[in-house]
Amino acid sequence: MGDEIAISLKNVSKCYKRYARPIDRLKEILIPKSIHSQEFWALKDINLELYQGETLGIIGQNGSGKSTLLQIIARTLTPTTGEVVVNGRVSALLELGSGFNPEFTGRQNVFFNGQILGLNKEEIEHKFIEIEKFADIGSFIDQPVKTYSSGMFVRLAFAVAVNVNPEILIVDEALAVGDIYFQQKCYERIRKLRDIGTTLLFVSHDSTAVHKLCSRALLLEGGKLILDAQPKQVIDLYEAKLLQKNDVQPDAVKIDIISEDGSRKLEQESSVTSAVDEVVINAPDVSIKFIRFLDEQGEEILVAISEQLLQLSIGILFLQSYADPHIGFKIREKTGEVIFETNTWCMGKSIGRVDSATLVEICFRFYVPLMEGEYTITFGIADGVIGESTFERTLLYAHNVSVLKVLKNTNSIRWSGIVNLSPTVSIDKQAYV
Ligand SMILES: Nc1ncnc2c1ncn2[C@@H]1O[C@H](COP(=O)(O)OP(=O)(O)OP(=O)(O)O)[C@@H](O)[C@H]1O
């Protein structure tokens, strides 16, 4: 990360005009000083300083203002109020097809876009082979882009955006469109750009991608910046909010943000904060009494050996009766990325009705096919199944309730990756005639 500020936003807000009917827009144009629209603030008072080389993920529910923010930084939209300073050459992949002239061929658009990005004809010619190879759309490169599929659009747009040596790269959801091989190629290229110090702004609903690519993240809600912190904390709060949104009794779900200094505050009280340690949902009448790791024989253990059978035993005290509670867990690696998750409903098991003042002990048994290292456990308890991962009421949702330490299994094969598939191998040799 450099010492220079790449992007600075001071009190940036954006107001759109909304018209109930198309005719109202016309009336406003034709009759001076008449107002037939309503103001809608898509961004409210955003302050942000991003240093060169930082990789920023922007997260938020639909309509929270992510694209508006990116467009303002990319200078395709002007803010209504506030100040925006951008230092460096920006290459932006915004809405599908934006920046392309539909009547031009792919080749013409590459030159057209390259010039907009500040390259001269020779420089673009020099890069063209690489762009064409990266886009890999065959003879379509000489067809008008209006004949392209959405996948072809993204391929060409991405190929241009990443091959013009941007200092700041802005990517808005675009990668979701391509096929898996193209997505992998794009992520690899983004990682390379990140590693050579390119500043990256990245909007995605894919939290795994944000975990992997970004060093920092923002959470937007209703046009407001509500959290500016590490991706792990931002995604935790975002997911808690999604749980709250899906809840049939959302008012009953209270999100606690535990600050780095240990103090708790209700999410509703929070303004922009960066010192978040944990995000917790907990109904007052449900509590975790114990969490234990046991070996195959039921003996308590403090560390597990890779590939051993492990029992995760949890005691939950219900002080109120619940008709149909379910319990789940997640294992996450240290950046917060989920390696595995399930719950009793997904496993086809029912706890059944739980009366008030009942201690429920539940035990998940599994092999630990993980690389040596530390993993964290997240627990969730919810009541009343509606569908997969959807319940009437979330009772408890807490990250990092326990750390699972895994040691290397010295009897294992050598392997790398996340999960040991414990493969066997057979070899057959025959003379070939
Ligand atoms: N030109 C416009 N006129 C009026 N309202 C607009 C306009 N563009 C965006 N909006 C509104 O501004 C809000 C923010 O939109 P924006 O596209 O920035 O959200 P987003 O977080 O990117 O959403 P999504 O995840 O669905 O892409 C939305 O409520 C949207 O309806």
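The values are calculated or read from the model by the stated rules, or taken from the named source; none is laboratory data. From a predicted model like this one, the values you see are computed outputs, not experimental measurements. Positions of Cβ are backbone-derived with ideal geometry, glycine not excepted, and every protein chain shown enters the neighbour counts. What goes into the accessible areas is simple: the full protein's heavy atoms, side chains included, and nothing from ligands, DNA or RNA. Shrake-Rupley method; radii C 1.70, N 1.55, O 1.52, S 1.80 Å.
Hey, can you tell me all the residues within region 1-25 that are at pLDDT below 85, open to solvent by less than 100 Å² (accessible area, probe 1.4 Å) and more than 16 Å from the ligand (Cβ to nearest atom)? Within region 1-25, Gly2, Ile23 qualify.
When Thr55 is tested against the conditions (1) within 30 Å of Glu28 (Cβ to Cβ); (2) polar (S, T, N, Q); (3) open to solvent by less than 30 Å² (accessible area, probe 1.4 Å), the lone failure is (1).
Condition check for Phe364 on (1) in contact with a Lys or Arg (Cβ under 7 Å, 6 or more places away or on another chain); (2) under 27 Å from Tyr238 (Cβ atoms); (3) open to solvent by less than 60 Å² (accessible area, probe 1.4 Å): one failure, at (1).
Of the residues making up region 245-255, at least one is touching a helix residue (DSSP H, G or I) at 6+ places or on another chain (Cβ under 7 Å) and either surrounded by fewer than 17 Cβ atoms within 10 Å (Cβ to Cβ) or modelled with pLDDT of 80 or more (or both). If we scan region 217-233, do we find a residue that is more than 16 Å from the ligand (Cβ to nearest atom), assigned by TED's automatic domain parsing to the domain that holds Lys66 and open to solvent by 20 Å² or more (accessible area, probe 1.4 Å)? There is no residue in region 217-233 that is more than 16 Å from the ligand (Cβ to nearest atom), assigned by TED's automatic domain parsing to the domain that holds Lys66 and open to solvent by 20 Å² or more (accessible area, probe 1.4 Å).
Residue-by-condition table, conditions (1) within 10 Å of the ligand (Cβ to nearest atom); (2) more than 19 Å from the chain's Cα centre (by Cα):
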residue: Leu30; (1), (2): no, yes
residue: Phe40; (1), (2): yes, yes
residue: Asp45; (1), (2): no, yes
residue: Tyr51; (1), (2): no, yes
residue: Glu54; (1), (2): no, no
residue: Gly57; (1), (2): no, no
residue: Lys66; (1), (2): yes, no
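Is it the case that region 171-193 has a residue that's under 20 Å from Ala6 (Cα atoms), within 16 Å of the ligand (Cβ to nearest atom) and open to solvent by 10 Å² or more (accessible area, probe 1.4 Å)? Yes, region 171-193 contains a residue that is under 20 Å from Ala6 (Cα atoms), within 16 Å of the ligand (Cβ to nearest atom) and open to solvent by 10 Å² or more (accessible area, probe 1.4 Å). In region 367-389, the qualifying residues are those that are of a type in the set (Val, Ile, Thr) and open to solvent by 40 Å² or more (accessible area, probe 1.4 Å), and the one that is farthest from Asp324 (Cα to Cα) is Ile386. Pairs meeting the criteria (first residue in region 364-379 and of a type in the set (Lys, Arg), second residue open to solvent by less than 10 Å² (accessible area, probe 1.4 Å) and in a strand (DSSP E or B), beta carbons under 8 Å, at least 6 apart or on different chains) are Arg365/Leu310; Arg365/Leu312.
The residues listed here are Leu421, Leu395; of these, the one that is assigned to a strand (DSSP E or B) and either of a type outside the set (S, T, N, Q) or surrounded by fewer than 16 Cβ atoms within 10 Å (Cβ to Cβ) (or both) is Leu395. In region 336-350, which residue that is surrounded by 14 or more Cβ atoms within 10 Å (Cβ to Cβ) and not hydrophobic (A, V, I, L, M, F, W, C) is modelled with the lowest pLDDT? Per the criteria, the residue is Gly336. Taken over region 81-94, the criterion of being within 16 Å of the ligand (Cβ to nearest atom) and either loosely packed, with under 15 Cβ neighbours inside 10 Å or farther than 19 Å from Leu220 by Cα (or both) is satisfied by Thr81, Ala92, Leu93. Answer with yes or no whether Val210 is of a type in the set (Val, Ile, Thr), in contact with a Gly (Cβ under 7 Å, 6 or more places away or on another chain), modelled with pLDDT of 80 or more and crowded, with 20+ Cβ neighbours inside 10 Å. The answer is yes for Val210. Where strands (runs of 3 or more DSSP E) sit wholly within region 281-348, those with at least 1 residues that are among the small types (Gly, Ala, Ser) occupy 286-294, 303-305, 309-318, 325-332. If only residues of region 132-170 that are within 16 Å of the ligand (Cβ to nearest atom) and modelled with pLDDT under 90 are counted, the one that is nearest to the chain's Cα centre (by Cα) is Val154. Looking for something of a type in the set (Asp, Glu) and crowded, with 16+ Cβ neighbours inside 10 Å - is there at least one such residue anywhere in region 35-44? Checking region 35-44: not a single residue is of a type in the set (Asp, Glu) and crowded, with 16+ Cβ neighbours inside 10 Å. When we screen Leu225, Leu218, Leu201, Leu237 for residues that are in a helix (DSSP H, G or I) and either touching a strand residue (DSSP E or B) at 6+ places or on another chain (Cβ under 6 Å) or at pLDDT below 85 (or both), the only hit is Leu237.
Which residues, counting only those in region 67-104, are within 20 Å of Lys17 (Cβ to Cβ) and out of contact with any helix residue (DSSP H, G or I) (no Cβ under 7 Å at 6 or more places or on another chain)? Within region 67-104, Ser67, Thr68, Leu69, Gln71, Ile72, Thr76, Thr78, Thr80, Thr81, Gly82, Glu95 qualify.
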